[in-house]
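Student: Below you'll find the structure I mean.
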Amino acid sequence: MTLAPDQIAAQGKLAFENKKFIEAAEYFRQAIDGYTLSGVGLMAAEMKNNMSVALLQSGNAQSALDAVLGTDQLFEDAKDIKRQGMAVGNQAAALEGLNRYDEAIAAYERSADLFAQAGEGDLRAMVMKSAAAIKLKMGKLTDSAFKMMGSLDVKDNPSFLERILKFFLRFIK
């Protein structure tokens, strides 16, 4: 009995939740094939993004990057800004995993811009924090503080700890 791509994708998500990342990536690859054969290109692109995340979690950053490349363009063509932002964010995470920090920062910032356009403040904050963390790692402390402040400014519901951090970051200016 052949499973439908939705069923295969569900198996991939379950494997991912159970931290079986290589197994999850294989399920997502099978779902990609199924969606592609069915002519559902956007779902195939989403599965490529899921596969990318699973591969990155398994420690294979290059394969993660290879899986996600080009999916942002498909989402852009479909005018799906949120999923485009997620695709660019996944590219950034893979680039970070490859220690290609300048490229990762640029991709995180592009992802943040897309999330801003989509009205996704929490997702924007998340990718801005990732960019800030890389800058901090690279010794760009002041720039990192400004990015962190920006990420806290756009968050819809900052936690108590984030509000305190925002207060202290103001003194770095």
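The values are calculated or read from the model by the stated rules, or taken from the named source; none is laboratory data. Computed from a prediction, not measured in an experiment: that's the story for all the values here. Cβ: placed from backbone, ideal geometry, glycine included. Neighbour counts: every protein chain shown. These accessible areas exclude ligands, DNA and RNA; they are computed on the full protein's heavy atoms, side chains included. Shrake-Rupley method; radii C 1.70, N 1.55, O 1.52, S 1.80 Å.
Student: Quick one: in segment 75-109, which of the residues that are more than 21 Å from MET51 (Cα to Cα) and touching a residue at least 24 places away in the same chain (Cβ under 8 Å) is farthest from the chain's Cα centre (by Cα)?
Tutor: TYR101
Student: Filter segment 99-132 for residues that are hydrophobic (A, V, I, L, M, F, W, C) and open to solvent by 50 Å² or more (accessible area, probe 1.4 Å); which is nearest to SER58 (Cα to Cα)?
Tutor: If we take residues in segment 99-132 being hydrophobic (A, V, I, L, M, F, W, C) and open to solvent by 50 Å² or more (accessible area, probe 1.4 Å), then MET126 is nearest to SER58 (Cα to Cα).
Student: Oh, and also: Can you tell me which residue is farthest from ALA78 (Cα to Cα) among those in segment 24-46 that are charged (D, E, K, R) and surrounded by 15 or more Cβ atoms within 10 Å (Cβ to Cβ)?
Tutor: GLU26
Student: In segment 15-46, what residues are more than 17 Å from MET86 (Cα to Cα) and small (Gly, Ala, Ser)?
Tutor: ALA15, ALA24, ALA25, ALA31, GLY34, SER38, GLY39
Student: Among the listed residues GLN11, GLN84, identify the single one that is in a helix (DSSP H, G or I), open to solvent by less than 50 Å² (accessible area, probe 1.4 Å) and polar (S, T, N, Q).
Tutor: Working: GLN11 fails: open to solvent by less than 50 Å² (accessible area, probe 1.4 Å).
Just a single option satisfies the conditions, and that option is GLN84.
Student: Let me ask another. Can GLN57 be described as under 26 Å from LYS129 (Cβ atoms), open to solvent by 40 Å² or more (accessible area, probe 1.4 Å), modelled with pLDDT of 95 or more and not basic (Lys, Arg)?
Tutor: Details: under 26 Å from LYS129 (Cβ atoms): yes; open to solvent by 40 Å² or more (accessible area, probe 1.4 Å): yes; modelled with pLDDT of 95 or more: yes; not basic (Lys, Arg): yes.
So GLN57 fits the description; yes.
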